[in-house]
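The values are calculated or read from the model by the stated rules, or taken from the named source; none is laboratory data. Since we're looking at a predicted model, the values are computed, not measured. Because the Cβ atoms are built from the backbone with ideal geometry, glycine has one as well, and the counts that use them run over all protein chains shown. Accessible surface is based on the protein model in full, side chains and every heavy atom, while ligands, DNA and RNA are left aside. Shrake-Rupley method; radii C 1.70, N 1.55, O 1.52, S 1.80 Å.
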Amino acid sequence: MRLTALLAAFFMAVLMGAAPGASAAANDEPALRIGSKRFTESYILAELMAQTVAPQVPRAPVVRAGLGNTAVTYEALRSGAIDVYPDYTGTIALEILKSPVPLATDALRAALAPLGLGIGVPLGFNDGYALAVRSADAEWLGLRSLADLAQHPDLRLGLSNEFLGRIDGWAGLAARYRLPQRPVGLDHGLAYDAIAARQVDVIDIYTTDAKIASLGLTVLADDRGHFPRYDAVLLYRLDLPQRLPRAWAALQTLEGRIDERRMIAMNGRAELQGVAFATIARDLLAGGAPTDAARGLGAKLFGADLPRLAAQHLLLVGVSVGAATAIAVPLGLLVWRRRRARAVVMAATGLLQTIPSLALLAVLISWMGAIGTAPALVALTLYALLPILRNTVAGLHGVPPGLAQAGAALGMTGRQTLRWVLLPLALPVLLAGVRTATTIAIGTATLAAFVGAGGFGERIVTGLALNDGQLMLAGALPAAALALLAEGGFGLAEWWLRRRRRSD
């Protein structure tokens, strides 16, 4: 039980250290926390913000990249998990403020102020939503505007999941233009491959996407003015200029620095040439000729971020499985003889397994008011409970009753019988449950990158946004290697237990 207490204490310490407001070292001006959404342009802008601020402040900015859609990133800002992130005026008005109409800048500021938020530093470009088709199809079918789509109900629409759910997305667009099609949901990064492979005919695009030109797509005119302007700005916590004055002063130097042509070029370097976000940002700030060529699989696999991602992944898996063990083993000891209590507990832990990982993470973000390590650890711990609990109960039930009775005949108390007879004999089965939980945690931990918890999933999430198969593989291979190492470690532990039992 001492081990249980130590594991629980360690788990709570990690959660407290990961909670918002925790700081490794007190400082008059702590690190600026920058967020980004999960698409190419947002990654680049977040990196650009970080590199702009870094030389002007005592502590390097922390970038929480690829947090997901607007809802997740906004929740991170509202809860104080991040201080600022790049967003767009149309999105802020329609998605965050739920305004039925676009709002001017002054109206946006007035509406955001009661929420403790503000907008500023217009970056200089508009990145709007639009629909695009293959140019050959546009010519053949006479498609020039969104209204023309109504005449072709058989066209297959593949739209991003966020666009399907947005106020300014599909529902409003279909109503305004009376579009009869029924679209399917696609990840934004995969939609370009889908339209190039003729699997879909129409996709939603951002107007600064580099692949529009490279794939020869035609952007359909919004002749009825459904989409507002989406001017790029910084959405920030209202106390940021007073709390981090040097960081805020540095961010203001980005005002008007990027136009549409430059943003398209930067997106193209990331998506078409495979150049790292940090390099793209550095080149813009340096003002020189672009550097660095596309990185191969080897460079992506053994990149400078590998030690950091490995440490984060190990932390997520080790702490969550340790905490689950600290909870599930005592719980199993408590209920294994009580049939009704056992049924209730097993049903409850089994029910947790049916909740989709991303849905559970979203609920935890809202409930805990935080992103990053804390909700990821809680989710992983909950998923690891069932195999450990089930195997604890199964291992105890698998001990022959005669052995327990023999212990009692020798004068052992119930606690002594449990400690010296039941648990040692049940240990191989219990260990198999921990082994299964560890394998589950290694795989599920890749999803923690969606909430800014890092780990190898960070590469997978970024690769998905860029449609970069090599980068996704660079995240999947280390995770698979870690799973194999864990299997090998548990195999050695089981071999040692068997050898010890024979020697006894």
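How many of the residues in segment 275-315 are at pLDDT below 85 and surrounded by 17 or more Cβ atoms within 10 Å (Cβ to Cβ)?
Residues meeting the conditions: 1.
Identify the residue in segment 339-367 that is more than 16 Å from LEU447 (Cα to Cα) and touching a residue at least 24 places away in the same chain (Cβ under 8 Å) and, among all such residues, is surrounded by the most Cβ atoms within 10 Å (Cβ to Cβ).
So the residue we want is THR349.
Quick one: how many residues across segment 307-335 are within 19 Å of VAL62 (Cβ to Cβ) and of a type in the set (A, V, I, L, M, F, W, C)?
Residues in segment 307-335 being within 19 Å of VAL62 (Cβ to Cβ) and of a type in the set (A, V, I, L, M, F, W, C): 5 in total.
Given the condition over 27 Å from GLY189 (Cα atoms) and hydroxyl-bearing (Ser, Thr, Tyr), answer yes or no: does some residue in segment 121-131 qualify?
At the first step, the residues of segment 121-131 found to be over 27 Å from GLY189 (Cα atoms) are 121.
Applying the additional criterion that residues be hydroxyl-bearing (Ser, Thr, Tyr) yields none.
For segment 121-131, residues over 27 Å from GLY189 (Cα atoms) and hydroxyl-bearing (Ser, Thr, Tyr): absent.
Just one of (1) open to solvent by 40 Å² or more (accessible area, probe 1.4 Å); (2) at pLDDT 95 or above; (3) aliphatic (A, V, I, L, M) trips up LEU164, so point out which.
Status for LEU164: all satisfied but (2).
The rows are residues; the columns are (1) touching a helix residue (DSSP H, G or I) at 6+ places or on another chain (Cβ under 9 Å); (2) surrounded by 14 or more Cβ atoms within 10 Å (Cβ to Cβ); (3) of a type in the set (Ser, Thr, Tyr).
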position	(1), (2), (3)
LEU190	yes, yes, no
THR207	yes, yes, yes
ARG237	yes, yes, no
ARG243	no, yes, no
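Which one of ALA104, ALA76 is of a type outside the set (S, T, N, Q), at pLDDT below 95 and under 17 Å from the mean Cα position of the chain (by Cα)?
Step by step, each of ALA104, ALA76 is checked, and only ALA76 is of a type outside the set (S, T, N, Q), at pLDDT below 95 and under 17 Å from the mean Cα position of the chain (by Cα).
Applying the selection to segment 466-477, what residues are in a helix (DSSP H, G or I) and either open to solvent by 10 Å² or more (accessible area, probe 1.4 Å) or more than 22 Å from SER36 (Cβ to Cβ) (or both)?
LEU466, GLY469, GLN470, LEU471, MET472, LEU473, ALA476, LEU477
Return the only residue of LEU7, LEU67 being at pLDDT below 90, touching a strand residue (DSSP E or B) at 6+ places or on another chain (Cβ under 7 Å) and either part of a helix (DSSP H, G or I) or of a type outside the set (Phe, Trp, Tyr) (or both). Quick ask: steps written out before the conclusion?
Values: LEU7 fails: touching a strand residue (DSSP E or B) at 6+ places or on another chain (Cβ under 7 Å).
The match here is LEU67.
Only residues in segment 320-338 that are within 27 Å of THR373 (Cβ to Cβ) count as the first member; pair them with residues that are open to solvent by 30 Å² or more (accessible area, probe 1.4 Å) and not in a helix (DSSP H, G or I), Cβ under 8 angstrom, at least 6 apart or cross-chain, and list the lot.
Within 8 Å, the pairs are PRO330/MET1.
Of the numbered conditions (1) β-branched (Val, Ile, Thr); (2) touching a strand residue (DSSP E or B) at 6+ places or on another chain (Cβ under 7 Å); (3) modelled with pLDDT under 50, VAL14 satisfies every one except a single condition; which is it?
(2)
Can you tell me which residue in segment 98-107 is least open to solvent (accessible area, probe 1.4 Å), limited to those that are out of contact with any Gly (no Cβ under 8 Å at 6 or more places or on another chain) and part of a loop (DSSP other than H, G, I, E, B)?
Step one: list which residues in segment 98-107 are out of contact with any Gly (no Cβ under 8 Å at 6 or more places or on another chain), which gives 98-101, 103-107.
From what is left, the residues that are part of a loop (DSSP other than H, G, I, E, B) are 98-101, 103-104.
Working: LYS98: 122, SER99: 14, PRO100: 123, VAL101: 81, LEU103: 53, ALA104: 69 Å².
Of everything passing the filter in segment 98-107, SER99 is least open to solvent (accessible area, probe 1.4 Å).
Can you report the number of residues in segment 65-97 which are within 19 Å of LEU48 (Cβ to Cβ) and either among the acidic types (Asp, Glu) or surrounded by fewer than 22 Cβ atoms within 10 Å (Cβ to Cβ) (or both)?
Within segment 65-97, residues that are within 19 Å of LEU48 (Cβ to Cβ) and either among the acidic types (Asp, Glu) or surrounded by fewer than 22 Cβ atoms within 10 Å (Cβ to Cβ) (or both) number 2.
Let's see how each residue does on (1) outside any loop (DSSP other than H, G, I, E, B); (2) of a type in the set (A, V, I, L, M); (3) at pLDDT below 85; (4) open to solvent by 40 Å² or more (accessible area, probe 1.4 Å):
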site	(1), (2), (3), (4)
TRP420	yes, no, yes, yes
LEU431	yes, yes, no, no
VAL434	yes, yes, no, no
ILE440	yes, yes, no, yes
THR446	yes, no, no, no
VAL461	yes, yes, no, no
ALA479	yes, yes, no, no
ALA483	yes, yes, no, no
GLU487	yes, no, no, yes
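Of all residues in segment 368-383 being open to solvent by less than 10 Å² (accessible area, probe 1.4 Å) and among the small types (Gly, Ala, Ser), which is nearest to THR446 (Cα to Cα)?
Filtering segment 368-383 for residues that are open to solvent by less than 10 Å² (accessible area, probe 1.4 Å) and among the small types (Gly, Ala, Ser), the one nearest to THR446 (Cα to Cα) comes out as ALA376.
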